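The values are calculated or read from the model by the stated rules, or taken from the named source; none is laboratory data. Remember, it's a predicted structure, so these values are computed and weren't measured experimentally. Neighbour counts are summed over all protein chains in view; Cβ atoms, including those assigned to glycine, are modelled from backbone coordinates with ideal geometry. Calculation scope for accessible area: heavy atoms of the full protein, side chains included, ligands and nucleic acids excluded. Shrake-Rupley method; radii C 1.70, N 1.55, O 1.52, S 1.80 Å.
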Amino acid sequence: MKARWHWILLPSLLLSLGLLLASQIAFLRGGFFRDLRLGRMGTDFTLANYERFFTDPLYLDSLLLTVRLSLTVALLTLLVGFPIAYVLARLKSRWTLVLLAGIIAASFITIVIKVLGLIIIFSSGGFLNRFLMWTGIVSSPIAIVGNPGGVVIGLMHFTMGFSILLLYSVVQTIPRSLEEAAEIHGAPRWRVFARVILPLSLPGLVVTGLIVFNLCMGAFTSAALIGGGKVYTLPVLIQQTVINQTRYGMGATISAVLMLVTLAINGLSVLAMSKLDKRRSAVA
């Protein structure tokens with residue numbers, strides 16, 4: 001008798017959806033009611049919170065900063081992660097599995113420990129800064145706490161291992177014989193990359209970039225710890241609004257805007273990829 005797994009999984013699916021949707025709807029609904037301080041909200045439906053968000057420079061600057069940092073991290077992670085993933089995918093050595101196991105193990109380390117490690121490494125008395133100053137590469141210690149550059153480093157540390165694993169699986173789907181055929185016909189290595197590897201990897205690169213972007217848009221720990229209270233991304237602003245100021249309505253509004261902007265950027269990226277794919281199919 002064939003097992004009907006969909007019926008077995010249905011209760012857990014409904015429970016998960018119910019918990020997810022109920023909590024989200026209840027929270028987002030709060031954005032349409034005015035804050036009365038001390039965690040209390042009014043009973044009249046209003047758009048005052050959204051009006052304040054889009055007229056207050058604090059919230060708009062925070063939104064732009066969050067998007068800019070997330071895009072920067074996504075691009076830098078792809079630039080750094082793809083060569084590593086490519087080498088691992090093409091490496092004919094038993095050490096490949098060891099290296100992949102190391103990346104997976106590192107991915108399980110909590111972000112708090114990773115961030116604290118970065119803060120120690122980049123501290124003014126840390127070995128990295130002491131080495132750089134001893135060699136004369138820099139004249140003063142490199143600081144990562146309290147500036148957007150440090151938050152970018154922290155977010156890259158958070159997403160790098162995950163992205164390398166995704167890109168490794170992307171490169172594995174590209175037959176090595178295609179590269180060898182291009183090289184046999186005289187194509188230099190850079191042309192093989194531009195005409196074979198990059199086009200075939202493009203969908204995977206876009207998906208990985210979007211996943212990293214989404215993770216960064218909602219990342220709180222790196223921005224809070226490395227930002228040192230000076231880098232106000234939207235997740236940090238949500239935490240301060242809800243926890244410190246107990247303004248649940250405004251916190252719900254900021255969360256809704258963050259979610260909608262993230263969904264819009266993802267939708268536009270998928271639309272652009274679809275049009276590019278149709279154009280490539282028409283040319284082919």
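Filtering segment 200-246 to residues that are surrounded by fewer than 16 Cβ atoms within 10 Å (Cβ to Cβ) and among the aromatic types (F, W, Y) leaves only F220. Evaluated against (1) touching a residue at least 60 places away in the same chain (Cβ under 8 Å); (2) assigned to a helix (DSSP H, G or I); (3) open to solvent by less than 40 Å² (accessible area, probe 1.4 Å); (4) closer than 23 Å to I113 by Cα, I197 falls short on exactly one condition, (4). Of the set (1) buried (at least 20 other Cβ atoms within 10 Å of the Cβ); (2) farther than 25 Å from S201 by Cβ, all apply to L58 but (1). Restricting the search to helices (runs of 4 or more DSSP H) fully inside segment 21-131 and requiring at least 3 residues that are among the aliphatic types (A, V, I, L, M) and in contact (Cβ under 8 Å) with a residue 24 or more places away in the chain gives 57-90, 95-107, 111-121.
Checking each residue in segment 135-160 for being in contact (Cβ under 8 Å) with a residue 24 or more places away in the chain and open to solvent by 40 Å² or more (accessible area, probe 1.4 Å) picks out V145, N147, P148, I153, H157, F158. A count restricted to segment 174-190 and to residues that are within 17 Å of P83 (Cβ to Cβ) and charged (D, E, K, R) stands at 3. Across segment 68-99, the qualifying residues are those that are farther than 18 Å from S201 by Cβ and in contact with a helix residue (DSSP H, G or I) (Cβ under 7 Å, 6 or more places away or on another chain), and the one among them that is surrounded by the most Cβ atoms within 10 Å (Cβ to Cβ) is V73.
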